[in-house]
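Computed from the coordinates by the stated procedures, all read-outs in this text should not be read as laboratory data. On a predicted model such as this, the values are computed, not experimentally measured, just so you know. Reconstructed Cβ throughout: ideal geometry from the backbone, glycine too, with neighbour counts over all protein chains shown.
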Amino acid sequence: MNRKKEQQKQQAAQTAANYIKEGMTIGLGSGTTAHYLIREAGKKYAQGLHFYGIATSRESEQLAASLGIPLLGPKQAGKIHLAIDGVDEIDRDFRAVKGGGGALLREKIIASRADDVIWIMDESKLVEHLGTFPFPVETVPFGMPFVKLRIREMGEVPVLRVRNGSPYLTDSGNHILDIQFAQDADIPAAAERIRKMPGVVETGYFGQMCSRIVAGTSSGVKVMENPHRVIE
């Protein structure tokens, strides 16, 4: 474990938790950074701040429930005031890649419905060009081999994500193909092309969906506002 990175994640989570207000419904992200946020949110709830959560993964749901945060399902949530989640990488134009934890579909659903979206991270996630992190593509199991072939026809090398010797399954029962794009690749264009392939459920490209990013850095927490938020 990189202690410096973990401290930066925690600092970002502490800052982002201050955006949670009384009566809100909060989209709770997935992954290690988001789990710091959920723990901070749990502290605030224990101190008397009342809000509801809607989790983007079973793991996050279990953590939030263990901390006493009241949870809503999609049918009960209605309006989502704020979503807070981590990213795998994000560039200067606020375009992000997410899905390393396998929850990209639910994360995108929640982010697309939230009035306000905050991505939290340590400074290593801030990149000049997307492509450092493997790009995830969620597919239905039946369509996965066909999607894999079509991505190969694009000149890319998709790798089926595996856990404990078996294909990894998302909370929705789907497979994930990971692609390592070249640093000069046009990832937004590639993501749009892949998303249209039959069998593809979603990709890990999150465009300019966030309202702001909160990054823990070696010189403290930095909050950067996105003037061009796009809801997908």
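When +1 charges are put on Lys and Arg Cβ atoms and -1 charges on Asp and Glu Cβ atoms, the dipole computed for the stretch 101-197 relative to its Cα centre reaches about 560 debye. Per residue, the average separation of C-alpha pairs within less than 8 Å and at least 6 apart gives the chain a relative contact order of 22 percent.
Please give the calculated 222 nm ellipticity per residue for the chain, where each DSSP H segment of at least 4 residues contributes -39500 (n - 2.57) and the sum is spread over every residue; nearest 500 deg cm²/dmol? Intermediate results must be reported in sequence, preceding the final value.
Numbers: 7 runs with 72 residues, N = 232.
When only DSSP H runs of four or more count, the value is -9000 deg cm²/dmol.
The distance between label points at L72 and R229 comes to 1.7 nm (points 7 Å beyond Cα on the Cα→Cβ vector). Average projection, convex hull of the Cα set of the stretch 135-203: 4.5 square nanometres. Projected label points at R58 and A46, each 7 Å from Cα along the beta carbon direction, are separated by 2.6 nanometres.
At 0.36 nm per residue, minus the direct Cα-Cα distance, what do S219 and R163 gain on full extension? Give it in nm, one decimal, please. Don't skip to the end; give the middle numbers.
On the way: separation 56, 0.36 × 56 = 20.16 nm, distance 3.68 nm.
Difference between extended and current length: 16.5 nm.
Computed on the Cα trace of the chain, the radius of gyration divided by the Kirkwood hydrodynamic radius gives Rg/Rh = 0.96. With the simple spin-label model, which puts each label point 7 Å out from Cα in the Cβ direction, the S172 to A189 separation comes to 2.7 nm.
Which one, T139, G165, V201, projects farthest toward the positive side of the charge dipole computed for the stretch 135-203 from Cβ point charges (K/R +1, D/E -1)? Positive-most Cα among the choices belongs to G165.
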